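Please read the structure below before turning to the comments.
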């Protein structure tokens, strides 16, 4: 995915990161700008939803069935980049087989309502996420030091991209939030 068209980015002497935020996940390109390799410490990484609830994250490269288990660190060699999809491991559900379908894994949206129900069915429900903040914490280990980068995002609006029928008579509205800037990066 090309993140050059997204305005969500951060750069310091160690790394540069470009983000794209979607309903179910976030995508980033992380470049190592330093002279030393570093590792992303996935077991310390977190997603904080708009209600301040901290959740474990998983990344592409981990099977959905293993999303809540420990994840090995990813090494980013000096002068190289890594591309990752990340999401909350608590938003993974398994639908067991029935007479109409085989069993399937689903990743629900990372925006939830106050009662803890995942919002994924109707675009109007997503309005409750507008004006709220989410945080992704990405810990980096380099030369014996750990830096916890906290990326704060603020949801201003969303755009409905398309609708898709995912079960007989049930339509899921696929959309994404347009987030304005990184409000704060704490390292």
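The values are calculated or read from the model by the stated rules, or taken from the named source; none is laboratory data. Quick caveat, the model's predicted, so the values are computed rather than measured. Note that we place each Cβ from the backbone using ideal geometry, even for glycine, and neighbour counts take in every protein chain shown.
See the values below:
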read-out	value
Filter result (surrounded by 15 or more Cβ atoms within 10 Å (Cβ to Cβ) and either touching a residue at least 40 places away in the same chain (Cβ under 8 Å) or touching a strand residue (DSSP E or B) at 6+ places or on another chain (Cβ under 6 Å) (or both)) within the stretch 32-43	32, 34, 37, 38, 39, 40, 41
Residue tally, condition under 19 Å from residue 140 (Cα atoms) and surrounded by fewer than 16 Cβ atoms within 10 Å (Cβ to Cβ), over the stretch 83-101	1
Residue in the stretch 44-54 that is surrounded by 19 or more Cβ atoms within 10 Å (Cβ to Cβ), at pLDDT 95 or above, farther than 11 Å from residue 89 by Cβ and within 15 Å of the chain's Cα centre (by Cα) present	no
Residue match in the stretch 11-20 (condition: outside any loop (DSSP other than H, G, I, E, B), out of contact with any helix residue (DSSP H, G or I) (no Cβ under 6 Å at 6 or more places or on another chain), at pLDDT 90 or above and closer than 24 Å to residue 108 by Cα)	yes
Positions within the stretch 99-120 being closer than 11 Å to residue 51 by Cα and at pLDDT below 50, in sequence order	113, 114, 115, 116
Residue match in the stretch 72-79 (condition: free of Cβ contacts under 8 Å to residues at least 60 places away in the same chain, in contact with a helix residue (DSSP H, G or I) (Cβ under 8 Å, 6 or more places away or on another chain), assigned to a loop (DSSP other than H, G, I, E, B) and farther than 17 Å from residue 27 by Cα)	yes
Any hit, the stretch 71-79, residues being modelled with pLDDT of 80 or more, surrounded by 14 or more Cβ atoms within 10 Å (Cβ to Cβ) and under 14 Å from the mean Cα position of the chain (by Cα)	no
